[in-house]
Amino acid sequence: MAAYQLAVAGLKVLVLEAGRGYDPVRETPMFQLPKDAPLRSGGTSDKPFGFYDATVDGGWNVPGEPYTTAPGSDFLWWRARMLGGRTNHWGRISLRMGPYDFKPYSRDGLGVDWPIGYDDLAPYYDKTEALVGVYGSSEGLENTPGSPNGTLLPPPAPRASELLTRKHCTPLGIPVIPAHLAILTTRQDAARWPAKLHPGNPLAQRVLADSMRARQACFWATECGRGCSIKANFQSTTVLLPPALATGNVDIVTNAMVREVTIDKTGRATGVHFIDKRTRTDKFARARVVVLAASACETARILLNSKSALFPNGLANTSGIVGKYLMDTVGAGISGQIPALENLPPHNDEGASNDHMYMPWWLYQEQKAAKLDFARGYHVEFGGGRRMPGPGIFGGLERFTGGAYGKRFKEAARRYYGTFMYFDGRGEMIPNEHSYCELDPEVVDQWGIPVLRFSWKWSEHEIRQASHMVTTFARIIEAMGGKVVGNLETDGNKVIAKGGEIIHEVGTVRMGSNPKTSVLNQWCQAWDVKNLFVTDGAPFVSNADKNPTLSILALAWRTCDHVVAEMKRGAI
Amino acid sequence: MTDTTNSKLDTGGPTRRDVLKAAGLGGLALPILDRTARLVEGRKPEVVQLPAEGPRGTPTDPDLIHPKIWWEKVLSAEELVTLVALCDLIIPADHKSPSASQVGVPDYINEWASAPYEWAREGLTRIRDGLAWLNTESERRFGRAFAGLGAPEQTAIADDICYQPKAKPELLAAARFFDLIRDLSSTGFYTTREGMKDLGYIGNVPMPRWDGPPPEVLKHLGL
C-alpha cells in the first residue's frame, strides 16, 4: 500500500523485498487437483497450508532464518519470503475496527487507547475498500461498522450450510450476516473510482483505472489461498504493485534482507543496509524517507538491530517500547457433524472460496453489564459443505460408522460427505507486558543478523474467551441437531491456539499520543526519527477481533498522505 | 445454475486445464480483456510485469503448476501386493466407482510413508509392522498370505481390527494400523476424479455467476 500511495503521489520509491519476486498471474495453480500434487496436496513443514498454497519460502519455520522463544513461552512466527508477503495467501476477511475498538481503555479500563478514533480512519476505510474491492453489507450492528452506499461489492448468496446455521443461530440471539471479504463479486467501476480516490491526480487515476480493468470478477471456482491469476481477490502483487510499477516511480529489489536503518549525526534516517541474498554481500540504499513494512515482528527486529550511539537500544526506541506489547488473535474452534446436511442433492458449493457469512460479536451489552468473565469480543468464522475433497477427508469416520470398511464404507462416505461444519472463534487479545519480542543475545540467522526471541503469555481474559467460544459453538451444533466431533474440551487453556498460530501478530512498535509510552505518533511516524514511518501491523495499539489486514491498509494510506504532505512542506 | 454449467468435472470430459492447455495457456490465467474500456479510452492499458524469479524447485518453493514428487518410494514390491489387497478390501469397486488400487491409492500410501518428514518415519514403521502382521495372521489362520486369501477369509481378519473401541487388547496395534490405512485410502481415493464423482462433488469450474444453492437443496433443508 505504501509503495502504491507514495508512487502515485509522484515520489520515487525503492521497494526492498526479503524474498523472491513473485507474479500470481504466471505462478498460480488455479485448477490443479489435489491428486496431481505431492501428498495429495496435504500440508507439510515446507508448505504448512498445503502444496498449492501461494506461500513461497514461508511458514512458521524459514530455513536459515530461525527465531527463539524464552523459557516457558510458546510462540510461532509465520513469515512469507516473497513479493507481496502474506497478502498472497491470507483469508481475505476485511472487517473494519469499530469505534469501541479504538478506545478500549476508556471503555473498560484495560489495555491502551489508540491516538486516533474511528472517525479518523473511517475515510481511509472507505477509500481502501473501494481501492482493493471488498464484498459485504452494512447491517448497522453495534461496533460493526458498515460502509457508505456503493462502496462494498454485493455479498455472494449464502451457501446451504450457512443458511442452515443462520436459521438455528437466530433463536440463540447470535447474528449471522454477510462477511466482508476482499474478493470482487463484480468488476470494479473503473470509470468512477479512480477520480474519486485520487482527485486531481491524473497519474494515479490512469494507473488505477488500468489496474481495475485488468482485474476480473470472481468466477466461483478456485481457492483464494493459492492466489488468483485473474486478480479477483486482493493480493498486493495483483492489486497494488502493478499500478505502483506503472507509474514509473517504483523500483523493486528482491532477495534484499534489510538488517539496519542508518542515521546521520542529527538522528535522521539516511537509508538502509541490506544483504543481497544471492551474492551474500552487504548493500546500502540511501533514502530521504524510510518506511518499514516488513511485518510487525520483522519491523521491530530491524529497529532493534539498528543500534547507534544516539540509539543504543535500537532505533526510535528511547521509550524502550520497541518489541513490546506483541499481540495475536485469540483462536479456538470445534467441528460438528450435522445430520440435516446428509444426502443433499449434489450441487456446486464452492462459492467465493472463503466465508460468505460470519457472526460478528454480539454480547457487547452483556459484557458492559459485567455478565461475562472476559472483557473483549470475538467473531465467528464458520463453514462446511460439499467442497472439493482434500487430504484428510473422512479421517476419523471410524467412530461414526463403527469401523465400516468395504461397500459400507463407500456408502458412509457418500452419506457423510459435506456434513461436517467447523466453527472458529477469532477474538481480541489485550496487550500485556509478558508478550514481547527482543533480540536473542546469542543467535544469528544465516545472514549474520541477530534473531528475535519471543516471550508470550495469554491473560485470563483470553483463556476464558476461548472457553466461551467452544461452549457457544457446541450449543450451535446441538441447536442444529448435530454432534460435536470428538470429545468436547472447554478448558480455555487447552483449546486456545498458540501465540502466533492465527498469524495476526501486531503491536511491537505501537503508536500513541505520548512519546514515553509509544514509538510512533498518530501518523505512524517515529517520535525519535521524523523521517521514519511504519506501515505494517506493528503500530497497532490493540488487536480487536477484526482481522488486521484492512486496518493495516487503511492506516498505511493515512500515513502516506502525511508523508507526502510533510515532504511537500519541507518538514522531512 | 444448471448441471451443464457446473458438472464438467463429473463428465470425464475435458477439464478447464485441458482446455487452457489446448489454448496454449498452460495452467495459468484467463486473460479476458475489457475491450469496451479500451475503446472509450482510446489507448491500450499498460501491461506491467512483476519480477518473478521462481519457482526454484525446492521443497519450500516447488513448481506449483507442474508438481512433482522429489523423494524415492521405499515400500517393497511384496509389501505393495499386501497393501493393494488391503486397500481394495477397504475401498472395493462398486456400481459407482472403481476400487482403491484402480486409482493409485497404494502408490499414494507408499509416497506418504516414504516422505522426507518426521511424521513419515513413524508412519512407515506402522505400515510395515501392520503389513507384516497381516501376513503372519493370514498364514496362522488360513495358511496363506493375505493377498492370496478369498473375501471371506480377508473379512474375517478385518472384522477383528476394523474398529479400535471394540478390538481385543492384543489386536489394538493392528486396529490402529487398519484405521491409518482406511484414512489414507480415503484421502487417496476421494481426491481423484473418480472419487470426487462418486461423492457427487461439483466445482472447480468457472461460472459466470453465483446464485447460491438450487431450490431442491433449500427444500431438502426446509429453508
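The values are calculated or read from the model by the stated rules, or taken from the named source; none is laboratory data. Bear in mind that the values here come from a model prediction, so they are computed numbers and not experimental data. Positions of Cβ are generated from backbone atoms using ideal geometry, with glycine treated the same way; all protein chains shown enter the neighbour counts.
Restricting attention to segment A:1-20 and to residues that are assigned to a strand (DSSP E or B) and over 17 Å from A:HIS89 (Cβ atoms), the residue that is nearest to the other protein chains (Cβ to nearest Cβ) turns out to be A:VAL15. Would you mind stating whether A:ASP355 is within 30 Å of A:GLU223 (Cβ to Cβ) and within 11 Å of chain B (Cβ to nearest Cβ)? The answer is no for A:ASP355. For B:ILE161, the conditions (1) of a type in the set (A, V, I, L, M, F, W, C); (2) free of Cβ contacts under 8 Å to residues at least 40 places away in the same chain; (3) more than 20 Å from B:ILE109 (Cα to Cα) are fulfilled apart from (3). I'd like to check something: does segment B:73-89 contain any residue that is within 28 Å of A:GLN32 (Cβ to Cβ), within 11 Å of chain A (Cβ to nearest Cβ), at pLDDT 95 or above and out of contact with any His (no Cβ under 6 Å at 6 or more places or on another chain)? Yes: one or more hits.
Scanning segment B:145-195 for residues that are part of a helix (DSSP H, G or I), among the charged types (D, E, K, R) and more than 9 Å from chain A (Cβ to nearest Cβ) gives B:GLU153, B:ASP160, B:GLU170, B:ARG176, B:GLU194. Restricting A:TYR100, A:TYR125, A:TYR118, A:TYR105 to residues that are surrounded by fewer than 17 Cβ atoms within 10 Å (Cβ to Cβ) and more than 14 Å from chain B (Cβ to nearest Cβ) narrows the list to A:TYR105.
Within segment A:294-305, is even one residue within 14 Å of another protein chain (Cβ to nearest Cβ), polar (S, T, N, Q) and under 30 Å from A:HIS468 (Cβ atoms)? Scanning segment A:294-305, I find no residue that is within 14 Å of another protein chain (Cβ to nearest Cβ), polar (S, T, N, Q) and under 30 Å from A:HIS468 (Cβ atoms), so the answer is no. A Cβ distance below 9 Å, combined with a sequence gap of six or more or placement on separate chains, defines the contacts here; from segment B:104-131, residues that are within 14 Å of B:LEU83 (Cα to Cα) reach residues that are surrounded by 18 or more Cβ atoms within 10 Å (Cβ to Cβ) and of a type in the set (Asp, Glu) in the pairs B:VAL105/B:ASP88; B:PRO106/B:ASP88; B:ASN110/B:GLU79; B:ILE127/B:GLU79; B:ARG128/B:GLU79; B:LEU131/B:GLU79. Taking into account only those residues within segment A:144-178 that are among the aliphatic types (A, V, I, L, M) and within 14 Å of chain B (Cβ to nearest Cβ), which is surrounded by the fewest Cβ atoms within 10 Å (Cβ to Cβ)? Of everything passing the filter in segment A:144-178, A:ALA157 is surrounded by the fewest Cβ atoms within 10 Å (Cβ to Cβ).
Just one of the listed residues (A:ASP46, A:ASP23, A:ASP57, A:ASP53) is acidic (Asp, Glu), touching an Asp or Glu at 6+ places or on another chain (Cβ under 7 Å), within 10 Å of chain B (Cβ to nearest Cβ) and in contact (Cβ under 8 Å) with a residue 12 or more places away in the chain, and it is A:ASP57. Residue under question is A:LEU520, and the condition is that it be crowded, with 23+ Cβ neighbours inside 10 Å, in contact with a Pro (Cβ under 7 Å, 6 or more places away or on another chain) and among the aliphatic types (A, V, I, L, M); does it hold? Here the answer is yes, as A:LEU520 does meet what is asked. Counting only residues that are outside any helix (DSSP H, G or I) and on the phi < 0 side of the Ramachandran plot, segment B:197-218 holds 11 of them.
Taken residue by residue, segment A:394-405 has at least one member that is crowded, with 18+ Cβ neighbours inside 10 Å, without any contact (Cβ under 8 Å) to a residue 12 or more places away in the chain, aliphatic (A, V, I, L, M) and farther than 20 Å from A:GLN465 by Cβ. With a requirement of 3 or more residues that are crowded, with 22+ Cβ neighbours inside 10 Å, within 24 Å of the chain's Cα centre (by Cα) and at the interface with another protein chain (Cβ under 8 Å from one of its Cβ atoms), the helices (runs of 4 or more DSSP H) lying completely within segment A:191-262 that satisfy it span A:241-246. Selection over segment A:327-375 of residues that are free of Cβ contacts under 8 Å to residues at least 24 places away in the same chain and in a loop (DSSP other than H, G, I, E, B) gives a count of 5.
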